[in-house]
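Here is the structure we will look at, set down as structure tokens.
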Amino acid sequence: METLAKFSNFVGNTFAVWVLLFAALAFYDPNAFTWIAPYIVPLLGVVMFGMGLTLSPNDFKEVFKRPVEVLIGVAAQFLIMPLVAFLLARYLPVSREVALGILLVGCCPGGTASNVMTYLAKGDTALSVAVTSVSTILAPILTPSLMLLLAGKWLSVSAAALFWSIVKVVLIPIILGLIVQTLFQKQVKTFIPVLPLVSVIAIVAIVAAVVGQNQQAIAKSGLAIFLIVVIHNGLGLLLGYWFAKLFRLSAPKQKAISIEVGMQNSGLGAALATAHFSPLAAVPSAIFSVWHNISGPIAATYFRKKSEKEEAEQSTFSA
């Protein structure tokens, strides 16, 4: 078990490499991965169940200990990314399916990888976990509502259908995870070190399936979608930082909200797009999943080095 836990930790730390590798393999040999497509929704359910296993009462206590800061983070999440996505989808020359995909990933809650990146950035990890938890729980209501508001004229599916999908793929697995953790704490504690491996396998499989399904479309317009995703993600990181700064939050909190806003639950976007729209609408989410696992560590490294430099300067000044 210890060896498996070490391997799981290694795979978790090299997540971006595996996503890139299997996305490339799926592009060059799509038939090897298209069979995974029908399992995208259950795979995301496995990831969300794992999230439920790792949540603790302390994560929710954090919400009540500092509700204003959590509210600022959640507001930033569901204001900045959807609005930036809307502007990109509206004013850039993309197809209806790609526009829906961009909006969908923008309207999703923050991804759990943001918590790790915040920790590496020397940010407020507890705040990051609290914002991720709250935004994920609110997603069944806010994601369909935002999609209806911003993409009403393009939607061919009801907000109610999106709501029930998110309840089934996000909320129910998380609640089940919490129940299992409560009833079998000792066994779950033993299993938790292996969860990164399970999550990485599931997300990598989702990305590979989406890339394999859309190989020809990606070859034709993948670069344009990639540039849109880079802009979307970059503006999310930047505007999230400024949003926190606007409310005069401390530097660690600014880092947490910046990373929280920039890193989306792109697996949810891919699952919803596949289930309700078209395989092509899932491409922005798949590319986002690849890119934010590159930009996240870059942002974390920048923030960490900035903190270390400020600490060194302060130490020199004090001496």
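Hey, any hits in region 105-112 for a residue that's assigned to a helix (DSSP H, G or I), open to solvent by 10 Å² or more (accessible area, probe 1.4 Å) and touching a Pro at 6+ places or on another chain (Cβ under 9 Å)? No; the residues of region 105-112 include none that is assigned to a helix (DSSP H, G or I), open to solvent by 10 Å² or more (accessible area, probe 1.4 Å) and touching a Pro at 6+ places or on another chain (Cβ under 9 Å). As a summary of the residue check, V47 satisfies the conditions (1) under 24 Å from A282 (Cβ atoms); (2) at pLDDT 85 or above except for the one numbered (2).
To keep it simple, each residue is scored yes or no on (1) within 22 Å of V211 (Cα to Cα); (2) touching a Gly at 6+ places or on another chain (Cβ under 6 Å); (3) open to solvent by 10 Å² or more (accessible area, probe 1.4 Å).
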position: K61; (1), (2), (3): no, no, yes
position: A76; (1), (2), (3): no, yes, no
position: L83; (1), (2), (3): no, no, yes
position: V98; (1), (2), (3): yes, no, no
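Annotation: of all residues in region 221-251 being within 24 Å of A270 (Cβ to Cβ) and without any contact (Cβ under 8 Å) to a residue 60 or more places away in the chain, the one that is least open to solvent (accessible area, probe 1.4 Å) is L227. The listed residues are V94, V68, and the only one of them that is surrounded by fewer than 21 Cβ atoms within 10 Å (Cβ to Cβ), at pLDDT below 95 and either part of a loop (DSSP other than H, G, I, E, B) or in contact with a strand residue (DSSP E or B) (Cβ under 6 Å, 6 or more places away or on another chain) (or both) turns out to be V94. Residue-level analysis places I218 outside the set of residues that are in contact with a Pro (Cβ under 9 Å, 6 or more places away or on another chain) and surrounded by 18 or more Cβ atoms within 10 Å (Cβ to Cβ).
Can you say whether Q264 is over 23 Å from L155 (Cβ atoms), of a type outside the set (G, A, S) and in contact (Cβ under 8 Å) with a residue 24 or more places away in the chain, as far as the supplied structure shows? So Q264 does not fit the description; no. Taken over region 5-19, the criterion of being open to solvent by 80 Å² or more (accessible area, probe 1.4 Å) and of a type outside the set (D, E, K, R) is satisfied by F7, N9, F10, N13, V17.
The values are calculated or read from the model by the stated rules, or taken from the named source; none is laboratory data. Remember, predicted model here, so these are calculated numbers, not experimental data. Heads up, the Cβs are rebuilt from the backbone with ideal geometry, glycines too, and the neighbour counts pull from every protein chain shown. When the accessible area is computed, the model is the full protein with side chains, heavy atoms only, and any ligands, DNA or RNA have been set aside. Shrake-Rupley method; radii C 1.70, N 1.55, O 1.52, S 1.80 Å.
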